[in-house]
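Notes for the one structure printed next.
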Amino acid sequence: MTVQQKAGERKVLVTGGAGFIGSHLTDRLLELGDRVVVLDNFNRFYDPEVKRRNVSGHLDNPLYLLIEGDLRDERTLDKVFEHGEFDVVVHLAAMAGVRPSLSEPAYYMDVNVVGTQRLLDRIMSCSPGTRLVFGSSSSVYGKRSGECFRESDRTDQPLSPYAASKVAGEALCYAAHNVAGLAVACLRFFTVFGPRQRPDLAIHKFCKLIDAGQPVEVFGDGTSRRDYTYVSDIVAGVLAAMTYDLPGYDIINLGRSDPVVLADMIRCLEAALGKKANLIHQPMPPGEMPYTYADTEKAQRALGYAPRVSFEDGIRRFVDWYRSTKACSTSSPL
């Protein structure tokens with residue numbers, strides 16, 4: 001793919017395209033007129049019906065094709081790549097979550113590392129002109145203090161199996177670039193939130209508990225910080241990474257570069273919901289990073305990346321979405 005190729009002229013594969021970020025990206029690609037193939041296995045990490053709702057509006061779209069299957073399965077990959085070469089592959093499929101990875105490290109490595117290698121093998125053999133955009137994570141930076149995270153920082157001390165799997169994924173992508181000349185942009189996402197957010201993530205989980213008047217378990221003393229980034233800003237960064245002048249292999253942070261203290265996040269949710277949280281403090285579990293903070297200078301320079309949604313506005317939008325889905329799930333059929 002050349003960097004001049006326009007939206008509406010591309011064939012794009014999105015792995016994990018029925019999930020949170022993937023479904024938002026797919027919506028935008030279809031709006032632009034691109035042909036989109038989505039691969040998703042609809043696993044039971046959370047209710048698969050959530051993902052099915054994410055894709056339900058596109059099933060009759062002639063530009064959209066959904067393939068249900070596992071990234072590690074060769075027959076599934078046969079189905080995907082029988083549709084010819086892709087201009088761009090956006091690889092978002094992964095087992096997510098720091099805490100679950102602590103109890104199932106081998107499974108996380110199998111899905112996230114072996115699965116990524118099998119995808120790379122198919123791209124290099126069936127679609128060598130593809131540009132790969134790899135969804136990485138701020139978790140690769142490990143435990144830090146006192147400064148923002150730069151792409152040049154070391155990533156050899158991950159705090160969890162999930163983080164280690166993302167470090168390994170970046171390394172596999174570099175090896176594919178070095179061996180086969182594959183063009184790869186690794187994007188390190190910083191705590192993405194917004195409508196359709198996974199129910200296990202803090203903002204969604206806390207919102208539901210506060211709304212229901214149930215206790216909210218808070219790990220640590222409430223001073224941990226996250227660089228919360230609204231999903232539409234992440235999607236804008238991914239779209240830019242599909243077309244910018246990529247220097248062969250690259251790593252770019254996508255965050256808001258404005259960390260929010262956990263206690264302030266809870267206060268924003270309380271304000272948007274009009275309800276108070278009943279907090280129960282628990283010790284910080286292993287594997288958790290005390291804070292994240294993206295240096296986005298490179299993203300600004302390379303991608304023209306400029307987050308538009310403030311944290312407060314993003315929380316309001318999320319709560320509006322949460323209430324709308326709650327209303328739909330509790331309404332009675334006519």
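The values are calculated or read from the model by the stated rules, or taken from the named source; none is laboratory data. Small disclaimer: the values here were computed from a predicted structure and weren't measured. Glycine also receives a Cβ, built like all others from the backbone with ideal geometry; neighbour counts cover every protein chain displayed. Each accessible area value is taken on the protein alone, full model and side chains, heavy atoms only, with ligands, DNA and RNA left out. Shrake-Rupley method; radii C 1.70, N 1.55, O 1.52, S 1.80 Å.
Output the number of residues of the range 224-234 satisfying the condition of being in contact with a Gly (Cβ under 6 Å, 6 or more places away or on another chain) and either more than 15 Å from Pro290 (Cβ to Cβ) or without any contact (Cβ under 8 Å) to a residue 12 or more places away in the chain (or both).
Of all residues in the range 224-234, those in contact with a Gly (Cβ under 6 Å, 6 or more places away or on another chain) come to 227, 229-231.
With the extra rule that they be either more than 15 Å from Pro290 (Cβ to Cβ) or without any contact (Cβ under 8 Å) to a residue 12 or more places away in the chain (or both), the set shrinks to 229-231.
Looking only at that region, the number is 3.
Within the range 149-163, the set of residues being of a type in the set (Gly, Ala, Ser) and either open to solvent by less than 30 Å² (accessible area, probe 1.4 Å) or in contact with a Lys or Arg (Cβ under 8 Å, 6 or more places away or on another chain) (or both) comprises Ser160, Ala163.
Within the range 29-40, not a single residue is more than 22 Å from Glu170 (Cα to Cα), open to solvent by 20 Å² or more (accessible area, probe 1.4 Å) and β-branched (Val, Ile, Thr).
For the range 246-266, the condition holds for no residue, the condition being that it is in contact with a Cys (Cβ under 8 Å, 6 or more places away or on another chain) and in a helix (DSSP H, G or I). Residues in the range 178-197 include at least one that is open to solvent by 10 Å² or more (accessible area, probe 1.4 Å) and aromatic (Phe, Trp, Tyr).
Name the residue that is nearest to Arg144 (Cα to Cα), counting only residues in the range 292-334 that are among the aliphatic types (A, V, I, L, M), at pLDDT 95 or above and part of a helix (DSSP H, G or I). Spell out how you get there, then give the answer.
First, pick out the residues of the range 292-334 that are among the aliphatic types (A, V, I, L, M): 294, 299, 302-303, 306, 309, 315, 319, 327, 334.
Those left that are additionally at pLDDT 95 or above: 294, 299, 302-303, 306, 309, 315, 319.
Subset that is part of a helix (DSSP H, G or I): 299, 302-303, 315, 319.
Values: Ala299: 21, Ala302: 25, Leu303: 26, Ile315: 26, Val319: 31 Å.
Result: Ala299.
Going residue by residue through the range 41-62, is there one that turns out to be modelled with pLDDT of 95 or more and within 21 Å of Leu187 (Cβ to Cβ)? Within the range 41-62, none of the residues are modelled with pLDDT of 95 or more and within 21 Å of Leu187 (Cβ to Cβ). Does at least one position in the range 104-121 carry a residue that is at positive phi and either in contact with a Ser or Thr (Cβ under 8 Å, 6 or more places away or on another chain) or hydroxyl-bearing (Ser, Thr, Tyr) (or both)? Looking through the range 104-121, none of the residues is at positive phi and either in contact with a Ser or Thr (Cβ under 8 Å, 6 or more places away or on another chain) or hydroxyl-bearing (Ser, Thr, Tyr) (or both). Number of residues in the range 275-291 that are of a type in the set (A, V, I, L, M), part of a loop (DSSP other than H, G, I, E, B) and in contact with a Pro (Cβ under 9 Å, 6 or more places away or on another chain) equals 2.
Residue count for the range 224-244 satisfying the condition of being part of a strand (DSSP E or B) and either closer than 18 Å to Cys173 by Cβ or open to solvent by 10 Å² or more (accessible area, probe 1.4 Å) (or both): 3.
State yes or no: is Gly142 in contact with a Leu (Cβ under 8 Å, 6 or more places away or on another chain) and at positive phi? If you could, list the steps in order and put the result at the bottom.
Working: in contact with a Leu (Cβ under 8 Å, 6 or more places away or on another chain): yes; at positive phi: yes.
So Gly142 fits the description; yes.
When Arg188 is tested against (1) charged (D, E, K, R); (2) closer than 29 Å to Trp321 by Cβ; (3) touching a strand residue (DSSP E or B) at 6+ places or on another chain (Cβ under 8 Å); (4) part of a loop (DSSP other than H, G, I, E, B), only condition (4) is not met.
Tallying residues that are surrounded by fewer than 17 Cβ atoms within 10 Å (Cβ to Cβ) and closer than 27 Å to Arg131 by Cα within the range 245-276 yields 3. Regarding the range 86-109, can at least one residue be identified that is surrounded by fewer than 18 Cβ atoms within 10 Å (Cβ to Cβ) and under 25 Å from Tyr249 (Cα atoms)? No, the conditions are met nowhere in the range 86-109. Of the residues in the range 205-223, not one is within 26 Å of Asp295 (Cβ to Cβ), among the hydrophobic types (A, V, I, L, M, F, W, C), crowded, with 21+ Cβ neighbours inside 10 Å and at pLDDT 95 or above. What about Thr76, is it more than 18 Å from the chain's Cα centre (by Cα), open to solvent by less than 20 Å² (accessible area, probe 1.4 Å) and either hydrophobic (A, V, I, L, M, F, W, C) or at pLDDT 95 or above (or both)? In short, yes. Within the range 156-168, can you find the residues that are more than 16 Å from Pro290 (Cα to Cα) and outside any helix (DSSP H, G or I)? Asp156, the sole residue that qualifies. Has the range 282-294 got any residue that is closer than 30 Å to Gly169 by Cα, in contact (Cβ under 8 Å) with a residue 60 or more places away in the chain, open to solvent by 70 Å² or more (accessible area, probe 1.4 Å) and among the aliphatic types (A, V, I, L, M)? Yes, the range 282-294 contains at least one residue that is closer than 30 Å to Gly169 by Cα, in contact (Cβ under 8 Å) with a residue 60 or more places away in the chain, open to solvent by 70 Å² or more (accessible area, probe 1.4 Å) and among the aliphatic types (A, V, I, L, M). The strands (runs of 3 or more DSSP E) found entirely in the range 37-147 that carry 2 or more residues being under 22 Å from Lys205 (Cβ atoms) are 131-137.
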